[in-house]
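One structure is given here, and the rest of the page talks about it.
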Amino acid sequence: MNSPQLHSSHHYTVADYAAWNDNRRYELLHGRVHAMSPAPTSRHQAISRNLSFEVGYFLKPKATCQIFYAPIDVYLADDTVVQPDIIVVCDPEKIVLKGCVGAPDLIVEILSPSTSKTDWKEKYQLYEQAGVREYWIVNPDDGLLHVFRLLNNKFQLDGTYAAEDAVTIGIFDDVVIDLKNVFAG
């Protein structure tokens, strides 16, 4: 078994990441390894399932766009591999056997106590720099969705939405998600 030594001073690469085979999940953020937290809560999983279903339903007729959910590796740089909760990719050339190479069009992160700071700060900046067109941060505890859209290479807050709201996926003109279905059960 080859697993990373979790040294904050060591700079790891995608090649290092590919060599780790200890059946644990990791992310690589600018060369720093982050062990993935324990399994998500049932609430987290329900929101992920519901949102994947809602988005997937609307994407089905859009043959070039695909939805994927964790765990999937997203390779953003030679020293950055992330595993977002949900991604939408509309460029089929970015999808490879090992995951997604390059910025997805939409990334969704569902907050957990152990990942909240990373999702709000480090990943926000990573996704912005990588050119992710839309970034959604879901807070299961508050029942809120924060939508950021890339304008002039910077994320702009499009809005904060609650369970009684509907939200448009900005990368499409005709996709509206009813959040009561996402935050249900």
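All of the numbers you see were taken from the coordinates with simple rules; none came from a lab. Quantities reported herein were computed from a predicted structural model and do not represent experimental measurements. Cβ: placed from backbone, ideal geometry, glycine included. Neighbour counts: every protein chain shown.
Taking the Cα-to-Cβ direction at residue 19 and at residue 96 and moving 7 Å from each Cα, how far apart do the two end points lie in nm?
1.8 nm
For the peptides 65-71, 18-24, 114-120, what is the packing order when you average, over each peptide's residues, the other Cβ atoms within 10 Å and list the highest mean first? Don't jump to the answer; show the numbers that get you there.
Numbers: 65-71: 18.3, 18-24: 11.0, 114-120: 16.1.
Taking the mean over residues of other Cβ atoms within 10 Å, the ranking is 65-71, 114-120, 18-24.
Among DSSP bridges having both ends in segment 40-183, what percentage is antiparallel? Round to the nearest 5.
On the way: 29 of 36 bridges.
The antiparallel proportion sits near 80 percent.
Explain nothing, just compute: Karplus ³J(HN,Hα) = 6.51 cos²θ - 1.76 cosθ + 1.60, θ = phi - 60°, for every residue of segment 109-118 in order, whole Hz, x for Gly and Pro.
After applying 6.51 cos²θ - 1.76 cosθ + 1.60, I find 10, 9, 5, 10, x, 7, 10, 3, 4, 5 Hz.
Going Cα to Cα from residue 123, which lysines come in below 19 Å? Please leave out same-chain ones fewer than 8 positions away.
154
So how do 10, 146 line up by other beta-carbon neighbours within 10 Å, fewest first? Could you put the intermediate results ahead of the total?
On the way: 10 12, 146 18.
In increasing order of surrounding Cβ atoms, one gets 10, 146.
So which GluC sites (Glu not before Pro) in segment 89-185 end up in coil per DSSP with only 10 or fewer other C-beta atoms within 10 Å? Please list the in-between numbers first.
On the way: sites: 93, 109, 122, 128, 134, 164; in loops: 164.
Qualifying residues, ordered by number: 164.
Going by how many other beta carbons lie within 10 Å of each one, how would you line up 43, 149, fewest first? Each step should come with its number before you reach the end.
On the way: 43 14, 149 19.
With the fewest neighbours first, 43, 149 line up as 43, 149.
Given axes a ≥ b ≥ c from the Cα gyration tensor, I'd like to know whether segment 116-185 is rounded (a/c under 1.5), prolate (a/b larger than b/c) or oblate.
It comes out oblate by the Cα gyration axes.
What number, rounded to the nearest 500 deg cm²/dmol, is the helix-based mean residue ellipticity at 222 nm of the chain, given -39500 (n - 2.57) per DSSP H run of at least four residues and division by all its residues?
-6500 deg cm²/dmol, from helical runs alone.
Let me make sure I get this right: for segment 40-183, a, b and c are the square roots of the gyration tensor eigenvalues over alpha carbons, sorted descending. Under 1.5 in a/c it's rounded, otherwise prolate if a/b > b/c, else oblate. Which is it? Write out the running numbers ahead of the final one.
Values: a/c = 1.33, a/b = 1.16, b/c = 1.15.
Judged from the Cα gyration tensor, segment 40-183 comes out rounded (a/c under 1.5).
Which are the unpartnered cysteines of the chain, meaning those with no other cysteine Cβ under 4.7 Å from their Cβ?
Singleton cysteines: 100.
For the chain, find the longest principal axis of its Cα atoms and tell me its angle to the long axis of helix 42-59, 0 to 90°, nearest 10.
Its long axis makes an angle of about 60 degrees.
Note the full-extension length gain between residue 43 and residue 152 as 0.36 nm times their separation in residues minus their Cα-Cα distance, in nm to one decimal.
Additional length available on full extension: 35.7 nm.
Select from 97, 130, 116 the residue farthest towards the positive end of the dipole of segment 40-183; place +1 on Cβ of Lys and Arg, -1 on Cβ of Asp and Glu, and compute about the Cα centre.
Among 97, 130, 116, the one farthest towards the positive end of the dipole of segment 40-183 is 97.
With charges set only on the Cβ (+1 for Lys and Arg, -1 for Asp and Glu), what does the dipole of the chain come to about its Cα centre, in debye to the nearest 20? Each step should come with its number before you reach the end.
Numbers: 16 positive and 24 negative charges, 61 e Å.
In debye, rounded to 20, the chain gives about 300.
At a threshold of 8 angstrom on Cα-Cα distance, excluding pairs fewer than six apart, so keeping six or more, what relative contact order does the chain reach in percent? Before the final figure, lay out each step's value.
Details: 336 pairs, mean separation 29.1, N = 185.
After rounding, I find 16 percent.
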